[in-house]
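First comes the structure, then the notes that go with it.
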């Protein structure tokens with residue numbers, strides 16, 4: 001799993017068969033226990049291979065190329081995930097699911113195996129005290145001369161403001 005991001009609640013998914021190239025947002029519903037990517041461990045639930053069924057915000061990617069309406073157009077997508085592939089095999093969470101990574105793919109009964117992919121894993125950079133403390137003051141002062149990084153780091157130690 002080196003250099004692969006864990007998929008979390010809020011990840012963006014896409015289907016290879018949608019006409020309009022729309023995406024949908026994954027909602028983790030299979031557990032309320034395992035978090036990633038936020039320092040309070042309260043917002044970003046880890047997505048697992050148990051995210052089955054209608055587990056997205058809209059449950060649609062727009063119009064589906066696999067469902068022509070016979071009039072030159074396509075019927076609306078009704079995305080339902082039936083299984084996941086390429087999950088991280090070495091960890092099983094309490095819901096008996098395996099962790100999804102950015103390489104994981106989902107199967108839809110209409111689009112077939114691996115037609116739904118992860119467009120963005122859902123993680124966001126959340127800088128904290130550790131990031132500021134590991135910054136090199138000389139380099140930081142060259143990039144942003146308005147901030148005295150050494151003084152800022154000392155204030156962090158004294159005040160614990162981050």
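Mind pulling the per residue volume of the convex hull built on the Cα atoms of segment 66-162? Å³ is fine. Don't jump to the answer; show the numbers that get you there.
Values: hull volume 20.9 nm³, N = 97.
Expressed per residue, the convex hull around the Cα atoms of segment 66-162 is 216 Å³.
Sorting 121, 31 by the number of Cβ atoms found within 10 Å of their own Cβ, with the fewest placed first, yields 31, 121. The simple spin-label model puts a point 7 Å past each Cα toward its Cβ; for residue 132 and residue 3 those points are separated by 3.2 nm. Taking a point 7 Å from the Cα of residue 119 along the Cα-to-Cβ direction, the residues of segment 7-32 with backbone N closer than 15 Å to it are 10-27. Ordered by the number of other Cβ atoms lying within 10 Å of each residue's own Cβ, fewest first, 125, 81, 116 fall into the sequence 125, 81, 116. Could you state the angle between the C-alpha long axis of helix 149-159 and the longest principal axis of the C-alpha atoms of the chain, as a value from 0 to 90 degrees rounded to the nearest 10? It works out to around 90 degrees. Dividing the summed helix terms, -39500 (n - 2.57) for each DSSP H run of n ≥ 4, by the number of residues in the chain produces a 222 nm estimate of -4000 deg cm²/dmol to the nearest 500. Segment 10-31 and segment 59-104 have Cα centres lying 7 Å from one another.
Give me the extension gain from residue 33 to residue 142: residue separation times 0.36 nm, minus the current Cα-Cα distance, reported in nm with one decimal. Walk me through the numbers on the way to the answer.
On the way: separation 109, 0.36 × 109 = 39.24 nm, distance 4.26 nm.
The span from residue 33 to residue 142 would gain 35.0 nm if fully extended.
Considering only the Cα atoms of segment 12-120, their convex hull presents on average a projected area of 6.7 nm².
Treat the count of other C-beta atoms within 10 Å as a stand-in for reagent exposure and order 158, 24, 114 from fewest to most. Write out the running numbers ahead of the final one.
On the way: 158 8, 24 23, 114 16.
The most exposed by this proxy come first: 158, 114, 24.
Bear in mind these aren't lab numbers, they're just calculated from the coordinates by the rules spelled out. Treat the numbers as computed from the prediction; the structure is a model and nothing was measured. Note that each Cβ is placed from the backbone with ideal geometry, even for glycine, and that neighbours are counted across all protein chains shown.
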